[in-house]
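Quick notes on the structure that follows.
The values are calculated or read from the model by the stated rules, or taken from the named source; none is laboratory data. Because the structure is a prediction, the values reported are computed rather than measured. Using ideal geometry, Cβ is built from the backbone for each residue, glycine included, and neighbour counts are taken over all protein chains shown. We work out accessible area using only protein heavy atoms, side chains counted, and drop any ligands, DNA or RNA first. Shrake-Rupley method; radii C 1.70, N 1.55, O 1.52, S 1.80 Å.
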Amino acid sequence: MDQYAVPVVWSAETREHDPRHEIWVGVATEGTEVAARVDTILAALRDQGHRVVEAETHGDDVLAAVHDPEMLEFLQGAADRWRVGPYADLVGQERVVPYLFPTPAMTGGLPARPAVSVHADAGRFVYDTMTLVGPGTWGAARAAVDCALTAVDLVDRGEPLAYALCRPPGHHATRAGLGGSCYLNNAAVAAQALRDAGRGRVAVIDVDAHQGNGTAAIFYDRADVLYGSVHVDPAAGWFPHVVGHAEETGRGAGEGATRNLPLPEGTTDERWLEGVQDLAEWAASAGCDALVVSLGVDAALDDPESPLLVSEEGYGRAGALVGATNLPAVVVQEGGYHLPTLGGLVAAYVGGHASGTPLRAAR
Ligand code: SP5
Ligand code: ZN
């Protein structure tokens, strides 16, 4: 069957982030967001006949509009500060791990200063103990942003659909905080870049198993970027735990421009797809002229990080539902951790999305 060959943007540098481990309830567990994810996704998309493109380097303008400059400075320098600690020699820890979190619980409203020691400073920006920073983290996260921005350029030049193989993922990164295995918010950068390129209203549709609290927060007060997510119910005890409930619908000018569709543990294809369809129709009917899809495939039934039970066929149907909007779309990789099925899940979504996409864009 003749099918639109989707441009797949990637960068070898995204492999350079090695989390080594995640500190979960005080225990060092093996990292799940590993570099091999890139290779298996790339191979699956190549096998399906899509067109692999290298990311082009972009300036920092859009990134600086989405993220706090102090957070960017911290992320860029943290691994070097850690190396001279020297924490590897002192305690055998080679990754930046926050030691305390200077929330109001600690400061009690007193005027706090940034801590001098990096282990005490990290909690100013790193909000969990799962998201460790190493020597290759900044370069990889920055390369992932370039993947997203290159995909935006392609859509800008008339491609109806472009896929960005972003790694590490981004949707849990807030304006000034990193967590949930995310450092820089690739999807938010893509949405902002589409706005800057003249799209009047952009919707982010997030199908990752977890609510994208970073993207949600970045656009919560804005009417020009919609955020809609279908995810496992945080109130059932799942990440991001404290936000992502149905009552969160936006604020101020952004009232009504956020939608959260939480689902119970064990949800299978039909109900999950109703949520995806709901969000796709919402984006189209709200007058959006471009989409960003936060494509996490960790809602899949064999994924170790979520209790949702979506099949590979379900991901294909999700792609077709979003593709049916006929809106130009940048698809950004988020989570998905089961290496044996990861590539097939991403290829199923991308193939489904492309199935309704004309071979050439209408110009
Ligand atoms: C982008 C994305 O999908 N981030 C996932 C964030 C959720 N991580 C929560 C991990 C909960 C602990 N799981 C135990 C695994 C131990 N390695
Ligand atoms: Zn996820």
Q) Using a 1.4 Å probe, how large is the accessible area of SER285, given in Å² and rounded to the nearest 10? A) 100 Å²
Q. Working out 0.36 nm times the residue gap between ALA88 and GLU270, then minus their Cα-Cα distance, what length gain in nm do you get to one decimal?
A. 60.6 nm
Q) Within the range 67-99, what residues put their amide N at less than 15 Å from the label point 7 Å along the Cα-to-Cβ vector of ALA120? A) 98-99
Q.
List the residues, sorted by chain then number, that are 5 or more residues from VAL53 or on another chain and whose placed amide H is less than 5 Å from its amide H.
A. VAL8, VAL9, TRP10
**Q.** Cut-off under 5 Å, modelled amide H: who pairs with ARG259 long-range
**A.** TYR227, GLY228, SER229
Q. Averaged per residue, what accessible surface does the range 283-322 expose to a 1.4 Å probe, in Å²?
A. 29 Å²
**Q.** Folded to 0 to 90 degrees: helix 339-355 orientation relative to the chain principal axis, Cα
**A.** 40 degrees
Q.
Give me the percent relative contact order of the chain, please, defined on Cα pairs under 8 angstrom at least 6 residues apart.
A. 19 percent
Q: Could you please state, rounded to a whole Å, how far the C-alpha centre of the range 139-193 is from the C-alpha centre of the range 292-308?
A: 18 Å
Q | Cα shape, the range 244-363, gyration tensor, a/c 1.5 rule | A | oblate
Q | Between 0 and 90°, nearest 10: helix 186-196 axis offset from the chain longest Cα axis | A | 60 degrees
Q | Distant-in-sequence amide H partners of VAL126 (H built 1.01 Å from N, under 5 Å) | A | LEU178
Q) Does the range 228-302 come out rounded, prolate or oblate by the C-alpha gyration tensor, with a ≥ b ≥ c the root eigenvalues, rounded set by a/c under 1.5 and, if not, prolate when a/b is larger than b/c and oblate if not? A) oblate
Q: Determine one quarter of the surface area of the Cα convex hull of the chain, which equals its mean projected area, and express it in nm² to one decimal.
A: 17.2 nm²
**Q.** Global form of the range 143-247, assessed from the alpha-carbon gyration tensor, a/c cut-off 1.5
**A.** prolate
**Q.** Cβ-placed point charges (K, R +1; D, E -1), dipole of the chain about Cα centre in debye, nearest 20
**A.** 600 debye
Q: Could you work out how far helix 69-83 tilts from the main Cα principal axis of the chain, as a 0 to 90 degree angle to the nearest 10?
A: 60 degrees
Q) Normalized C-alpha radius of gyration of the range 36-178, against 2.2 N^0.38 Å? A) 1.25
Q: Starting from the residue with the highest accessible area, list LEU301, LEU263 in decreasing order, probe 1.4 Å.
A: LEU301, LEU263
**Q.** Computed helical MRE - 222 nm, the chain, DSSP H runs ≥ 4 contributing -39500 (n - 2.57), nearest 500
**A.** -10500 deg cm²/dmol
Q: With a probe of 1.4 Å, find how much accessible area the range 58-141 has per residue, and write the answer as a whole number in Å².
A: 54 Å²
**Q.** the range 206-251 and the range 5-47: distance between their alpha carbon centers, rounded to Å
**A.** 23 Å
Q | Taking the range 21-146 and dividing mean pair separation by its residue count, relative contact order in percent (alpha carbons under 8 Å, at least six apart) | A | 31 percent
Q: Considering only GLY252, GLY139, GLY108, give the residue with the highest GNM mean-square fluctuation for the chain, with springs between Cα atoms whenever their separation is below 10 Å.
A: GLY108
**Q.** Carbon plus sulfur fraction of accessible area for the chain, probe 1.4 Å, in percent
**A.** 52 percent
Q: Return the single residue from LEU273, LEU184, LEU226 with maximal mean-square fluctuation; model: Gaussian network over the chain, springs between Cα atoms under 10 Å.
A: LEU273
Q | Area accessible to solvent at THR107, 1.4 Å probe radius, in Å² | A | 30 Å²
